[in-house]
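Data block below; observations after.
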Amino acid sequence: MATERFPIEAGHIMMFARAIGDANPAYYGALDGTAGVPAPPTFVTASAQFDPDYPLRPKPGQPWFGSGREATGRGASTVGGGDGGGTGLHAEQHYTYHRPLRAGDVLTTSSRTGEGWEKQGRRGGRLIFSEFITEFRDAAGELVVTARTVGVRTEKVIEQ
C-alpha cells in the first residue's frame, strides 16, 4: 500500500461504521459535530481507497476484478501478487493500535514484507504463507497503527 496521505474524517468514520453495520453511537459524531470521533478498529483498511494503484479499487473504464469468480470479466491475473491460477487468498488480518485513531488525524503509510513460511497442504501441495506489514503514522511521525496481513497461496491449483 502506498498511501501518501490518509485524512481521517468524521463523515468517513460514520459511513464506514454504517457499512460494517456497527451502530456504536461513538462513531456517529459527524451527525452532531462531536470532535475527536474515534475510528472503528478495522478503519485503516479504508486507506487503500486513497492509493491510486490499489489493485482491488475499481477504475472507471477498466474491467474490475471485484468479487466472485471473474465477476466482471477480468481474470485473477496478478491481483494481490497472484500468478493468475486462483491459488491465493487473504488468510489473516491483525491490527495493533498504539493509540486511538480519531477524526482529524492525517496518516501516512509505509509497508514492508514480513516473515514467510510454508506448510504441507492436503490438496494443493505446499501452502506458502507471506506476511505484509503496514505502519500508519501521524503528522508528527508517531506510530498509530500497525496492520499485519497474512496471505497464503497453494503450490498448485486445486481442482473443483
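The values are calculated or read from the model by the stated rules, or taken from the named source; none is laboratory data. No experiment lies behind these values; they were computed from the predicted model shown. No Cβ is skipped: glycine too gets one built from the backbone with ideal geometry, and neighbour counts run over all protein chains shown.
Quick notes on this one:
- Looking only at segment 80-104, and only at residues there that are assigned to a strand (DSSP E or B) and farther than 26 Å from residue 13 by Cα, the one that is modelled with the lowest pLDDT: 88
- Exclusive hit being assigned to a strand (DSSP E or B) and in contact with a helix residue (DSSP H, G or I) (Cβ under 6 Å, 6 or more places away or on another chain), set 136, 129: 136
- The set of residues from segment 99-113 being more than 20 Å from residue 16 (Cβ to Cβ) and surrounded by 12 or more Cβ atoms within 10 Å (Cβ to Cβ) comprises 110, 111.
- Only residues that are more than 16 Å from residue 147 (Cβ to Cβ) and either not β-branched (Val, Ile, Thr) or not in a strand (DSSP E or B) (or both) were counted across segment 105-126, and they come to 11.
- Selection over segment 139-160 of residues that are closer than 20 Å to residue 8 by Cα and part of a loop (DSSP other than H, G, I, E, B) gives a count of 4.
- Candidate set: segment 10-25, residues that are surrounded by fewer than 17 Cβ atoms within 10 Å (Cβ to Cβ) and of a type outside the set (A, V, I, L, M); chosen: the one farthest from residue 36 (Cα to Cα): 21
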